[in-house]
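Trainee: Okay, here's the structure, questions in a sec.
Please treat every number below as a calculation from the coordinates, not as lab data. No experiment lies behind these values; they were computed from the predicted model shown. In this analysis, Cβ positions are derived from the backbone assuming ideal geometry, glycine residues included, and neighbour counts consider all displayed protein chains.
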Amino acid sequence: MAGRHGVPKIRIIGIVAVAAMLGGCYTMRPTGRVVPGAGTRMAFDVTDAGRVALGPTMGPEITRIEGRLVGAEESEYLIAVSTVRLMRGGTQVWRGEQVRVRSEHVASSYIRSFDKTRSIVLGAGIAASVAAVFITRSLLGSGDDNPDNPGGGGEVRIVAPQSPFWRLNFRGAFP
């Protein structure tokens, strides 16, 4: 069935599902000892010694630093920080400020990667939700196209108006 502009509704549902999958779901996967190239989105768990060393510049309660890897050497990482996770569950949003973190202050490092399975499930769920809205709200345009009957082909009911005047009892009111 086509919409106002001739686009089938099923195509709209498909576009929404694909857009959701392109937004996608990402997960953090351990890198092991492999250091990816510059520009990679990463996260670094900070050790206790790292918290003490980074405390003056990043705060004393950091547990994880997330951002883009700008560069890496044997002894340190240069990170454009986007988020800092805190010990008590809070987060701080950064705007790409660059911070040097020594490799001895990193307990674990993670790489951000696209999770195909989660993205497909998310896309299917969103597509099902959009389809349910179209179906339950009669947005599919399955009514009558007759211009003489703009309300569609449904049942017509005539209801008599209810007026308090008709309920008045005049018996015995006049001599």
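Trainee: Can you tell me which residues in segment 97-129 are among the aliphatic types (A, V, I, L, M) and either without any contact (Cβ under 8 Å) to a residue 60 or more places away in the chain or over 14 Å from Met42 (Cα atoms) (or both)?
Mentor: Answer for segment 97-129, where residues must be among the aliphatic types (A, V, I, L, M) and either without any contact (Cβ under 8 Å) to a residue 60 or more places away in the chain or over 14 Å from Met42 (Cα atoms) (or both): Val99, Val101, Ile120, Val121, Leu122, Ala124, Ile126, Ala127, Ala128.
Trainee: OK, next. What number of residues in segment 73-95 are touching a Gly at 6+ places or on another chain (Cβ under 9 Å) and closer than 17 Å to Gly37 by Cα?
Mentor: Result for segment 73-95: 5.
Trainee: Can you list the strands (runs of 3 or more DSSP E) lying wholly within segment 28-96 that have 3 or more residues being among the aliphatic types (A, V, I, L, M), surrounded by 11 or more Cβ atoms within 10 Å (Cβ to Cβ) and without any contact (Cβ under 8 Å) to a residue 60 or more places away in the chain?
Mentor: 62-72, 76-86
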